[in-house]
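To start, the structure under review is shown below, and the notes come after it.
The values are calculated or read from the model by the stated rules, or taken from the named source; none is laboratory data. Quick caveat: nothing in here was measured; it's all calculated off a predicted structure. Cβ: placed from backbone, ideal geometry, glycine included. Neighbour counts: every protein chain shown. Each accessible area value is taken on the protein alone, full model and side chains, heavy atoms only, with ligands, DNA and RNA left out. Shrake-Rupley method; radii C 1.70, N 1.55, O 1.52, S 1.80 Å.
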Amino acid sequence: MMEMTVHTAAPYQILIARGCLDETGPRAAKLFRANGKAMIVSDSNVMPLYGDRVEKSLEAAGITCFRFTFPAGETSKRLSVIEQIYAALAENRFTRTDFLVALGGGVVGDMTGFAAATFLRGMGFVQIPTSLLAQVDSSVGGKTGVDLPQGKNLVGAFHQPRLVLIDPDTLGTLPPRYFADGMGEVIKYGCIRSRNLFDSLAQSRLTPDHPDLERVLYECVDIKRIVVEHDEHDTGERMILNFGHTLGHALEKLHNFEVLSHGEAVGIGMVLVTEAAERNGITPSGTAARIRSLLTLYGLPTEDPSIPLSDAVAATSVDKKSLGGSLNLVVLSELGNAVVHPVPKAEVPAFFGEGTR
Ligand code: GLY
């Protein structure tokens, strides 16, 4: 069992252990009022798998449980579903001292966190991420929110969970493409902060039943913890978590979020930005090739032949990281160390080699 504390304004514990779903009740009982209520929020894929276990653990600790299940998928990540969660909380007379439990992947975590951030002006919630992507990224750090028809994650709040329970056993039920999706973010952590992690991922192929899985999860979450502690509200260092995301988001968007998974798009984005940074003399040559071969080992694509680079670069002009006159690109000074590199907007096409390729 591995544990760490995230020292944000309101500190919280993260527990990483096989089988820790059954710890939900005893852990929550220490944080929330005795004989309180919990609303377990999950989707139609995950609730049938783990809802009973989590509920049993909470009920055994004296907590009365309610459930809210919504259809699995990004299309559920909208305000009308949040309104339904509010209604379920209000009808069951939840108070600020009760809490929500986010049981599922990134969509579940973002939505439950947003409902918790806003119902009664804020109540506590527990994150139980069940996808690799959510375990290493979205369940930690307090970014919550929903999509609007105009764009993804346009409405949200920073609201840290009170507890995160990461049970690696839940990854065994994921379809292989979802595991690979999370590996895109795992590889990102190696690139931005840990050469050792990067090398270990190349030495032995990580799988859901690999003996090193817990250690790798711990390393990724620990990197995220440190970055979030330094920059809880995403005004500086936290930007390095977006390595590969600028072009990755652009590709996802150009495909209408229907072709590439997030991790696949981020992987291609990491390769493209690193190739450009090599040409601009920022990243040592050969780095992009190493990232490419690690992505390939994990079944992730390294290019998107259907979208010209110029279209992806043009789409970055509406990126959230493109405020003011520059685009804040995250690049590697070397494998294992990311830095923010502002590029004046007018120079972005040249940075990516347009006109020279
Ligand atoms: N997923 C990036 C962040 O939490 O800042």
(1) assigned to a loop (DSSP other than H, G, I, E, B); (2) within 16 Å of the ligand (Cβ to nearest atom) all hold for Pro208 apart from (2)
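Among residues belonging to the range 151-201 that are of a type in the set (Gly, Ala, Ser) and touching a strand residue (DSSP E or B) at 6+ places or on another chain (Cβ under 8 Å), point out the one that is least open to solvent (accessible area, probe 1.4 Å). Full working, then the answer.
In the first step, residues of the range 151-201 are kept if they are of a type in the set (Gly, Ala, Ser); the result is 151, 156-157, 172, 180, 182, 184, 190, 194, 200.
Applying the additional criterion that residues be touching a strand residue (DSSP E or B) at 6+ places or on another chain (Cβ under 8 Å) yields 156-157.
Working: Gly156: 49, Ala157: 31 Å².
Restricting to residues being of a type in the set (Gly, Ala, Ser) and touching a strand residue (DSSP E or B) at 6+ places or on another chain (Cβ under 8 Å), the top hit is Ala157.
Looking at the range 240-257, which of the residues that are without any contact (Cβ under 8 Å) to a residue 40 or more places away in the chain and in contact with a helix residue (DSSP H, G or I) (Cβ under 9 Å, 6 or more places away or on another chain) is nearest to the ligand (Cβ to nearest atom)?
It comes out as Gly248.
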Pairing a residue in the range 293-309 that is in contact (Cβ under 8 Å) with a residue 60 or more places away in the chain and open to solvent by less than 70 Å² (accessible area, probe 1.4 Å) with any residue that is among the charged types (D, E, K, R) and not in a loop (DSSP other than H, G, I, E, B), where Cβ atoms lie under 6 Å and the two sit 6 or more apart in sequence or on different chains, gives Leu300/Glu264
Among helices (runs of 4 or more DSSP H) entirely inside the range 252-335, those with 1 or more residues being more than 25 Å from Arg205 (Cβ to Cβ) and at pLDDT below 95 are 309-315
Within the range 1-57, the residues that are farther than 25 Å from Lys224 by Cα and modelled with pLDDT under 95 are Arg33, Ala34, Asn35
Screening Asp43, Asp52 for residues that are acidic (Asp, Glu) and touching a residue at least 24 places away in the same chain (Cβ under 8 Å) leaves only Asp43
Residues of the range 167-192 being over 21 Å from Pro284 (Cα atoms) and of a type in the set (Phe, Trp, Tyr), in sequence order, are Tyr178, Phe179
The residue that is farthest from Leu241 (Cα to Cα), considering only those in the range 132-150 that are among the small types (Gly, Ala, Ser) and open to solvent by less than 20 Å² (accessible area, probe 1.4 Å), is Gly145
